[in-house]
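Everything below concerns the one structure shown next.
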Amino acid sequence: MRMFSLVVLVTCLQGCAQLAVSSAPAYAVITGDSSLHAHEHRHVDVRPAREFDFPALADGRQIAVVDLHTHSVFSDGHVWPTVRTWEAEKDGLDALAITEHLEYQPHADDIPHPDRNRAYNLAVESAARMPEAGLLVISGAEITRRLPPGHVNAVFITDANALLTIDAREEDALENAREALEEAKAQDAFVFWNHPAWPRDAPDGILKVPAAQQALIDDGLIQGIEVANGHYFSEETLQYALDNDLVMLGTSDIHGLIDYDYDIEGGEHRTVTLVLTEGRSPEALKSALVSGKTVALYHNQFVGREAEVGPVMSAILTGEAGEMPRNSTVLQVTLRNSSSVPLLLRNLGPRRFSNASDIVTVPAQGEIIVNLNDAGALDPIVLDFEVLNSFIGVGKHLQLRVSVASAKSRLSAE
Ligand SMILES: [Zn+2]
Ligand SMILES: [Zn+2]
């Protein structure tokens, strides 16, 4: 449930619309005859929703929120797998994979872990005890080697034990790494390269791809890549994913507690992947994932290809025109955000707003009213924005046209 706090009146300030993406309170202009010239905005503080929530796309597909990289005590995590499913339920995830390091087992003296499927099985049992959450648990494991192949997650596997092709505790070993990837392929798994620009493999923060790693990618043994992992984001990785046609992922790679790593009360969300799927079945989800219908969501920023980020934004952001007052051609337009992520927009014009600068924030599950200048002759009414918290290339933001439905014409059509 979302909690709403007090409504307070404050004096309008120039910076009203320029609110930080992660902590944006909702605001709306007071309506009424004198509203267009009013210098008071109504600020409504909304406690940020913890649960991910996205509408369906215009073509009927759904947006599933998945975290395909997490850990428990069965490798180097700090919680029992049950906690991972509880957190997933709290965050409103559609699917979760617990991906234990196969070769790196620092708790082995306390938790010998002879069966590498154990965390998955415990998570499945846990999810079955809370059917109302609708949480899909996906089998997975983290193949943990030096580069190449580095750390690589295989999900939708049938047996994690078969992916362990060397003795445990030998993550530095290079031998049989390709064998592990070929076994994953034999299990028809989806395989992605984890945190490719982490300090061990990229001390200067810039992605390096050794020839042997490129060969694994060219051979189709690695199909996806994390453009975002926990609190890390790599622009070079985004470009590399575009250049190599790799599926883009965001994951939490959580080891401790989500609530310790993310400022949930402040509106942060764990890093995840949005999958644009035909349905919620494992088959539909896997099919969408493998075909690259994904958007990584990192620190309330959408990262992906235009073909995916575009339809997501079009579903999330809608506009509605109010009535145009007599003796004025300034039109009140309500911008609505039906997602759990705030949107930071730049008005590309040519018409400007008389109550905001060119930068406005539409809060998560909220709306704002912008007063559009000189709208009398506009037909149809469209607003062109750049979505500043979206990335469809390095330094490249999605441009989005919002068609504004007229409240008046909609009423007369009913
Ligand atoms: Zn790793
Ligand atoms: Zn990991």
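A few comments on the model shown:
- Scanning segment 339-397 for residues that are outside any loop (DSSP other than H, G, I, E, B) and of a type in the set (Gly, Ala, Ser) yields GLY366, SER390, GLY393.
- Close contacts from segment 88-109, counting a first residue that is part of a loop (DSSP other than H, G, I, E, B) and a second that is open to solvent by 10 Å² or more (accessible area, probe 1.4 Å) and of a type in the set (A, V, I, L, M), with Cβ to Cβ under 6 Å and a gap of 6+ residues or different chains, come to LEU102/LEU164; GLU103/ALA168; GLN105/ALA168; HIS107/VAL73.
- Filter result (closer than 23 Å to ALA49 by Cβ and in contact with a helix residue (DSSP H, G or I) (Cβ under 8 Å, 6 or more places away or on another chain)) within segment 274-300: LEU274, VAL275, LEU276, THR277, THR294, VAL295, HIS299, ASN300
- Meets criteria (over 20 Å from HIS255 (Cα atoms) and either touching a residue at least 24 places away in the same chain (Cβ under 8 Å) or assigned by TED's automatic domain parsing to the domain that holds VAL137 (or both)) for ARG61: yes
- Criterion applied to ALA296, ALA284, ALA315 was being farther than 19 Å from ILE369 by Cα and surrounded by fewer than 23 Cβ atoms within 10 Å (Cβ to Cβ), and the one residue passing it is ALA284.
- Subset of segment 365-382 (residues that are open to solvent by less than 30 Å² (accessible area, probe 1.4 Å) and in contact with a Ser or Thr (Cβ under 7 Å, 6 or more places away or on another chain)): ILE369, ASN371, ALA375
- Residue match in segment 160-168 (condition: touching a Ser or Thr at 6+ places or on another chain (Cβ under 9 Å) and surrounded by 14 or more Cβ atoms within 10 Å (Cβ to Cβ)): yes
- Check on PHE385, within 31 Å of the chain's Cα centre (by Cα) and open to solvent by less than 10 Å² (accessible area, probe 1.4 Å): yes
- Residue match in segment 299-315 (condition: within 20 Å of VAL65 (Cβ to Cβ) and of a type in the set (Asp, Glu)): yes
- Within segment 46-85, the set of residues being aromatic (Phe, Trp, Tyr), out of contact with any Asp or Glu (no Cβ under 8 Å at 6 or more places or on another chain) and over 14 Å from TYR120 (Cα atoms) comprises PHE54 only.
Residue-by-condition table, conditions (1) away from ligand 1 (no atom under 16 Å from the Cβ); (2) assigned by TED's automatic domain parsing to the domain that holds ALA228; (3) not polar (S, T, N, Q):
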position: ALA56; (1), (2), (3): yes, no, yes
position: VAL83; (1), (2), (3): yes, yes, yes
position: ALA97; (1), (2), (3): no, yes, yes
position: ALA108; (1), (2), (3): yes, yes, yes
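- Put simply, of ALA123, ALA141 the only residue that is within 16 Å of ligand 2 (Cβ to nearest atom), part of a helix (DSSP H, G or I), in contact (Cβ under 8 Å) with a residue 40 or more places away in the chain and of a type in the set (A, V, I, L, M) is ALA123.
- Where GLU89 falls short, out of the listed (1) open to solvent by 40 Å² or more (accessible area, probe 1.4 Å); (2) within 16 Å of ligand 1 (Cβ to nearest atom): (2)
- Scanning segment 193-201 for any residue that is open to solvent by less than 20 Å² (accessible area, probe 1.4 Å) and away from ligand 2 (no atom under 14 Å from the Cβ) turns up nothing.
- The residues listed here are ALA241, ALA228, ALA177, ALA184; of these, the one that is open to solvent by less than 20 Å² (accessible area, probe 1.4 Å), assigned by TED's automatic domain parsing to the domain that holds HIS151 and at pLDDT below 95 is ALA177.
- Of note, ILE206 does not satisfy the criterion of being in contact (Cβ under 8 Å) with a residue 24 or more places away in the chain, surrounded by 14 or more Cβ atoms within 10 Å (Cβ to Cβ) and not small (Gly, Ala, Ser).
- Residues of segment 193-207 that turn out to be within 16 Å of ligand 1 (Cβ to nearest atom), part of a loop (DSSP other than H, G, I, E, B) and of a type outside the set (S, T, N, Q), as a count: 9
The values are calculated or read from the model by the stated rules, or taken from the named source; none is laboratory data. Everything numeric in this text was worked out from a predicted model, so none of it was measured. When we count neighbours, we look across all protein chains shown, and the Cβ atoms used for this are built from the backbone with ideal geometry, even at glycine. Please note that ligands, DNA and RNA were not included when accessible areas were found on the heavy atoms of the full protein model with its side chains. Shrake-Rupley method; radii C 1.70, N 1.55, O 1.52, S 1.80 Å.
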